[in-house]
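The values are calculated or read from the model by the stated rules, or taken from the named source; none is laboratory data. Because the structure is a prediction, the values reported are computed rather than measured. When we count neighbours, we look across all protein chains shown, and the Cβ atoms used for this are built from the backbone with ideal geometry, even at glycine.
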Amino acid sequence: MSDIAYVKTELSPTLPPPPNAAGPMKWLKDNLFSTWYEAIGTVVASAILIYLFMSIVDWAFVTSVWEASSFEDCLERYTGHPVGACWGFVDARFNQFMFGPYPTDSYWRPIIVGILLVAGLLPIMFEQIPGRKIAAPLMLGIFPWLSVALLHGPIEMTTLDSGLGIGVTALLFVLGIALGLYGRKNFNPGQTMIGFGVAYCIGVMYFLAWGLGLETIATNKYGGFMLTLILSAVGIGVSLPLGIVLALGRRASNMPLIQMLCIGFIELVRAVPLITILFMAQFMLPLFLPEGVDFDNLVRALVGVSLFSSAYMAEVVRGGLQAIPKGQFEAADALGLNYSMSMRLIILPQALKIVIPNIVSTFIGLFKDTTLVSIIGLLDLLLTMKQAITSTKWLGMEHTGYIFVGLIYLVCCFGMSRYSIYLEKKLHTGHKR
Amino acid sequence: MAEAAASAMDISDEVAIQISGMHKWYGDFHVLKDINLTVNRGERIVICGPSGSGKSTMIRCINRLEEHQQGSIVVDGIELTNDLKNIDSIRREVGMCFQHFNLFPHLTILENCVLAPIWVRKTPRKEAEETAMHFLEKVKIPEQALKYPGQLSGGQQQRVAIARSLCMNPRIMLFDEPTSALDPEMISEVLDTMIDLAESGMTMLCVTHEMGFARKVANRVIFMDGGEIIEQNEPEEFFNNPRSERTQLFLSQILAH
Ligand SMILES: Nc1ncnc2c1ncn2[C@@H]1O[C@H](COP(=O)(O)OP(=O)(O)OP(=O)(O)O)[C@@H](O)[C@H]1O
Ligand SMILES: [Mg+2]
């Protein structure tokens with residue numbers, strides 16, 4: 001009986017792992033050479049990998065041609081050895097790939113936009129870079145219009161042509177500011193927002209009409225990587241907020257009309273291929289619009305792409321909202337937070353965090369889907385390349401050309417994917433329960 | 001000691017909560033039937049009853065987490081209607097602690113505590129943080145202020161949840177089984193916090209099956225079954241001399257082991 005009685009009197013010491021349980025040799029043995037057939041597999045796979053790697057290096061760096069003025073410089077007849085990549089082609093047409101038919105002496109305009117975009121996004125994307133508090137409102141409130149002005153120059157506003165139009169807008173501007181100041185004095189956020197909102201919109205209108213006094217460059221001159229970036233940046237910038245609004249609308253069971261509208265929009269847009277939406281924007285929109293009102297081709301594509309990805313984004317966000325336990329909503333309610341506060345401070349931060357991978361997937365999909373605008377005649381990166389390789393001066397550049405384009409897409413999409421992983425790690429606040 | 005303190009705590013004549021003729025349905029299901037209850041300021045009420053008897057539903061009606069369909073609920077002189085303004089002002093005055101704590105996992109303990117004061121009461125951040133630290137000290141975990149909820153034990157999380165409610169400076173506190181998701185050794189730390197709170201004169205409504213707690217701090221125990229208030233009495237009388245059969249059965253079941 002008393003045999004089962006046992007009392008531990010000493011503490012066991014903490015020991016390092018035995019030598020064969022750690023280190024690189026152990027890893028090799030466990031993972032690559034644990035049995036004879038695994039060893040064979042390892043050898044064969046290594047051989048294939050090495051062969052692939054060598055071929056790529058050979059194609060891209062060893063037998064490639066770096067300077068060429070036409071396709072003939074990249075022929076074996078001329079170089080005396082079989083030729084891999086013809087980077088000379090990419091070099092010669094590089095500006096076109098980046099800017100399409102944009103006027104050469106105005107390249108500085110998209111370049112400034114690009115620099116502003118990167119400079120504005122970096123502090124927002126990475127905490128380590130200071131200035132987020134300044135950058136975020138600038139990027140939201142000023143950058144879009146500044147870019148339009150830089151890229152396009154002045155935009156014709158028929159409203160501002162007549163004295164009446166100027167008078168009315170000026171009056172509205174003054175009234176807006178007055179209402180805003182009045183609302184602020186009385187701590188009425190609704191009045192403040194409407195007042196300043198109206199004033200801001202009219203300010204933007206005047207600014208776009210002025211367009212920094214630059215020369216107008218019509219949107220049919222946009223192309224190449226620049227156009228791809230414009231489409232995806234606008235698509236991303238619009239689809240996330242619009243998707244969130246649609247997702248919240250879809251869940252607003254106490255407002256059935258709004259709910260139905262959101263459901264209808266999401267389901268309709270998701271049920272139709274993007275190409276169809278682009279075609280509709282191209283050919284059907286004019287039928288619905290009053291005569292004389294005409295949208296720019298690029299604007300139509302932007303609207304189509306943005307609406308399309310918003311519908312997907314809405315469902316992604318709804319998935320995140322669905323995953324938030326009811327208790328979180330209740331705790332927020334019980335503390336007296338109103339709807340907008342509880343969404344903004346409690347629910348959305350958690351819901352969006354959960355669906356970061358899906359949001360980024362949607363972004364990546366959107367980025368690649370922008371290639372479809374070539375169907376309605378916009379010169380995106382891929383179409384620019386296609387045109388370049390069909391020119392008689394550059395025959396047989398398909399390999400180099402498409403691999404170059406593919407690389408650009410790869411770098412951008414891989415970058416987004418890595419950033420999403422970085423974000424997930426950063427926002428991880430410990431232990432899920 | 002606590003008992004002496006409890007009996008010394010004064011209950012004013014001022015009415016804090018007045019529920020009269022309140023009914024609630026979930027679809028066709030009649031969950032709450034003709035609830036009448038008056039709570040005076042400073043009262044500490046324990047609500048018990050079998051599972052599904054509507055205890056949670058009743059106290060959740062008080063801060064409009066659930067909507068009642070008939071009868072009236074008046075909290076602090078404000079009647080609960082569909083008017084969002086009334087609901088918001090009642091929620092500001094009524095704190096609530098849940099069975100599963102419901103802390104906000106993406107915010108630190110301190111941020112959890114200052115969020116509502118800053119956004120709802122428009123307290124300056126510095127002042128809100130001071131108040132938060134004061135209450136975190138009261139619940140004896142000031143050193144955890146910068147951690148995230150996921151890094152705390154259940155008992156600690158529940159104490160944070162209590163501190164978070166107190167930061168809004170509520171006049172009434174509701175508790176829905178605050179200890180029933182906790183391991184036994186953590187229950188007492190949470191109950192101690194609640195006893196302290198009761199001694200400070202807070203009006204409390206507490207759904208719990210901790211009968212020791214009920215005896216110690218409650219001045220009234222309410223027994224619910226089938227969506228009705230079956231019996232209410234002072235704790236001594238309630239436990240020693242239950243009048244209704246259902247109460248006797250219930251007490252015999254929970255005291256059996
Ligand atoms: N959202 C709901 N829809 C339909 N019925 C519900 C809902 N919530 C609760 N009920 C029902 O209402 C009744 C009362 O539930 P309530 O949660 O108030 O019980 P309780 O007394 O708190 O029980 P417990 O001790 O298990 O927490 C139960 O029968 C439950 O099934
Ligand atoms: Mg319950």
Give me a count of the residues in segment B:26-74 that are small (Gly, Ala, Ser) and within 11 Å of ligand 2 (Cβ to nearest atom).
6
Would you call residue B:59 closer than 19 Å to residue B:210 by Cα, within 14 Å of chain A (Cβ to nearest Cβ) and either near ligand 1 (Cβ under 10 Å from one of its atoms) or not β-branched (Val, Ile, Thr) (or both)?
yes
Tally time: how many residues in segment B:148-164 are touching a helix residue (DSSP H, G or I) at 6+ places or on another chain (Cβ under 7 Å) and touching a residue at least 60 places away in the same chain (Cβ under 8 Å)?
3
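Taking the options B:67, B:14, B:43, name whichever one is in contact (Cβ under 8 Å) with a residue 12 or more places away in the chain, within 16 Å of ligand 1 (Cβ to nearest atom), out of contact with any helix residue (DSSP H, G or I) (no Cβ under 6 Å at 6 or more places or on another chain) and acidic (Asp, Glu).
Numbers: B:14 fails: within 16 Å of ligand 1 (Cβ to nearest atom); B:43 fails: within 16 Å of ligand 1 (Cβ to nearest atom).
The unique qualifying residue is B:67.
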Can you tell me which residues in segment B:119-135 are within 22 Å of residue B:176 (Cβ to Cβ) and more than 8 Å from chain A (Cβ to nearest Cβ)?
B:135
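Can residue B:206 be described as of a type outside the set (Ser, Thr, Tyr) and within 16 Å of ligand 2 (Cβ to nearest atom)? I'd like the intermediate steps shown before the answer.
Details: of a type outside the set (Ser, Thr, Tyr): yes; within 16 Å of ligand 2 (Cβ to nearest atom): yes.
Yes: the conditions hold for residue B:206.
Can you tell me which residues in segment B:108-118 are of a type in the set (A, V, I, L, M, F, W, C) and more than 8 Å from chain A (Cβ to nearest Cβ)?
From segment B:108-118, those of a type in the set (A, V, I, L, M, F, W, C) are B:109-110, B:113-116, B:118; that's our starting set.
B:109, B:110, B:113, B:114, B:118 - these are the residues of segment B:108-118 that are of a type in the set (A, V, I, L, M, F, W, C) and more than 8 Å from chain A (Cβ to nearest Cβ).
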Go through segment A:185-217 and give me each residue that's surrounded by fewer than 17 Cβ atoms within 10 Å (Cβ to Cβ), in contact (Cβ under 8 Å) with a residue 60 or more places away in the chain and over 18 Å from residue A:142 (Cβ atoms).
A:215, A:216
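Could you please give the count of residues in segment B:156-183 that are in a loop (DSSP other than H, G, I, E, B), of a type in the set (Asp, Glu) and within 16 Å of ligand 2 (Cβ to nearest atom)? Walk me through it before giving the result.
Pass one, segment B:156-183, residues in a loop (DSSP other than H, G, I, E, B): B:167-171, B:177-183.
Applying the additional criterion that residues be of a type in the set (Asp, Glu) yields B:177, B:183.
Now narrow it down to the ones that are within 16 Å of ligand 2 (Cβ to nearest atom): B:177.
Selection size over segment B:156-183: 1.
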Go through (1) among the acidic types (Asp, Glu); (2) closer than 18 Å to residue B:139 by Cα; (3) surrounded by 20 or more Cβ atoms within 10 Å (Cβ to Cβ) one by one and return the number of the condition residue B:225 breaks.
(2)
So which helices (runs of 4 or more DSSP H) are wholly in segment A:272-389 and hold at least 3 residues that are within 14 Å of chain B (Cβ to nearest Cβ)?
A:326-334, A:348-354
Between residues in segment B:165-182 that are more than 10 Å from chain A (Cβ to nearest Cβ) and residues that are more than 16 Å from ligand 1 (Cβ to nearest atom) and part of a strand (DSSP E or B), which pairs lie under 6 Å by C-beta distance while being six or more apart or on different chains?
B:172/B:16; B:172/B:94; B:172/B:203; B:173/B:95; B:173/B:204
Hey, residue B:51 within 14 Å of chain A (Cβ to nearest Cβ) and either within 19 Å of residue B:222 (Cβ to Cβ) or surrounded by fewer than 18 Cβ atoms within 10 Å (Cβ to Cβ) (or both) or not
no
Tell me whether segment B:86-95 contains one or more residues that are out of contact with any helix residue (DSSP H, G or I) (no Cβ under 8 Å at 6 or more places or on another chain) and small (Gly, Ala, Ser).
yes
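Name the residues in segment B:90-100 that are more than 8 Å from chain A (Cβ to nearest Cβ) and out of contact with any Phe, Trp or Tyr (no Cβ under 7 Å at 6 or more places or on another chain), would you?
Step one: of segment B:90-100, the residues more than 8 Å from chain A (Cβ to nearest Cβ) are B:90, B:93, B:97, B:99.
Answer for segment B:90-100, where residues must be more than 8 Å from chain A (Cβ to nearest Cβ) and out of contact with any Phe, Trp or Tyr (no Cβ under 7 Å at 6 or more places or on another chain): B:90, B:93, B:99.
Residue-by-condition table, conditions (1) within 27 Å of the chain's Cα centre (by Cα); (2) modelled with pLDDT of 90 or more; (3) among the charged types (D, E, K, R):
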{"site": "A:289", "(1), (2), (3)": "no, no, no"}
{"site": "A:319", "(1), (2), (3)": "yes, yes, no"}
{"site": "A:330", "(1), (2), (3)": "no, yes, yes"}
{"site": "A:336", "(1), (2), (3)": "no, yes, no"}
{"site": "A:356", "(1), (2), (3)": "yes, yes, no"}
{"site": "A:362", "(1), (2), (3)": "yes, yes, no"}
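Which of the residues belonging to segment B:77-133 are of a type in the set (S, T, N, Q) and touching a Cys at 6+ places or on another chain (Cβ under 7 Å)?
Taking segment B:77-133 and keeping what is of a type in the set (S, T, N, Q), we get B:81-82, B:86, B:89, B:99, B:102, B:108, B:112, B:123, B:131.
Hit for segment B:77-133 is B:131, nothing else.
The rows are residues; the columns are (1) among the basic types (Lys, Arg); (2) closer than 20 Å to residue A:106 by Cα.
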site: A:184; (1), (2): yes, no
site: A:214; (1), (2): no, yes
site: A:220; (1), (2): no, yes
site: A:257; (1), (2): no, no
